[in-house]
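The values are calculated or read from the model by the stated rules, or taken from the named source; none is laboratory data. Just so you know, these numbers come straight off a predicted model, no measurement behind them. Here the Cβ positions follow ideal geometry from the backbone for every residue, glycine too, while neighbour counts run over all protein chains shown.
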Amino acid sequence: MKAGLILNVLFFSSGFLYANAWDIAVAVGDQVEFLNATGGVVGELSEGMSEVRALAYNADLRTLYFSDEERSDGSIFQLTVPKNMSANLQNVTVSTVVSKQVHSVKGVAYDDRTGILYWSNGPGHSILWIQIGSTDEPQAGQLLLRVEDQIPMGIAIDNCKRYLYWTNCGKTASIERSLL
């Protein structure tokens with residue numbers, strides 16, 4: 001693992017619980033850990049991962065989306081999280097959702113109302129999107145916003161007010177937003 005530790009966190013809350021429910025997913029280096037409300041690890045995934053940077057989750061389909069900078073076969077991937085976390089989590093199928101991008105993916109957000117996956121690409125000064133499930137083939141993505149004076153990093157969706165938020169780490173750091 002590199003000296004500079006990259007830590008990404010995905011919070012999960014749901015109206016239904018399983019015997020081995022998880023409340024938060026944490027990406028560190030080449031794996032994702034699933035933790036319960038008390039901080040106990042209930043499962044780990046590392047299959048098909050080398051340098052995980054961003055996470056998003058579709059609770060309806062139990063699908064985890066993640067970016068991985070080291071893989072050459074794409075930039076954003078998906079896998080189905082097993083209901084039973086005590087199962088062998090190393091036998092999951094990882095598939096490519098977004099084809100390899102010129103700029104690395106810095107943040108990922110899934111809109112469960114529309115089925116759209118958004119991502120930011122930092123030095124690419126852009127936020128892009130794809131419609132999940134529209135094809136089985138990896139997609140390149142469509143441009144949503146180009147922000148020449150910003151470097152978009154983290155990204156989040158407010159489903160109630162229908163805003164897309166992103167962190168800008170350009171010359172003047174800020175949190176920006178746009179209506180969806």
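A few points about this structure:
- Residue that is nearest to ALA59 (Cα to Cα), among those in the range 106-135 that are outside any strand (DSSP E or B) and among the small types (Gly, Ala, Ser): GLY115
- In the range 104-149, the residue that is surrounded by the most Cβ atoms within 10 Å (Cβ to Cβ) out of those that are basic (Lys, Arg) and out of contact with any Phe, Trp or Tyr (no Cβ under 9 Å at 6 or more places or on another chain) is ARG146.
- Filter pass, PRO82 being farther than 18 Å from ASP30 by Cα and either in a helix (DSSP H, G or I) or small (Gly, Ala, Ser) (or both): no
- Only strands (runs of 3 or more DSSP E) whose full extent lies in the range 1-56 are considered here, and the ones with at least 2 residues that are under 14 Å from the mean Cα position of the chain (by Cα), at pLDDT 85 or above and within 24 Å of ASN121 (Cβ to Cβ) are 24-28, 31-35.
- Selection count, the range 95-105, where residues are within 13 Å of GLU137 (Cα to Cα) and assigned to a loop (DSSP other than H, G, I, E, B): 2
- Long-range neighbours under 7 Å by Cβ, at least six apart or interchain, first residue within 14 Å of MET153 (Cα to Cα) and modelled with pLDDT under 95 within the range 121-137, second among the basic types (Lys, Arg) and buried (at least 19 other Cβ atoms within 10 Å of the Cβ): ASN121/LYS106; GLY122/LYS106
- Considering residues of the range 70-89 that are farther than 29 Å from GLY141 by Cβ and at pLDDT below 75 only, the residue surrounded by the most Cβ atoms within 10 Å (Cβ to Cβ): MET85
- Flag set for TRP166, criterion: surrounded by 15 or more Cβ atoms within 10 Å (Cβ to Cβ), farther than 15 Å from VAL102 by Cα and modelled with pLDDT of 95 or more.
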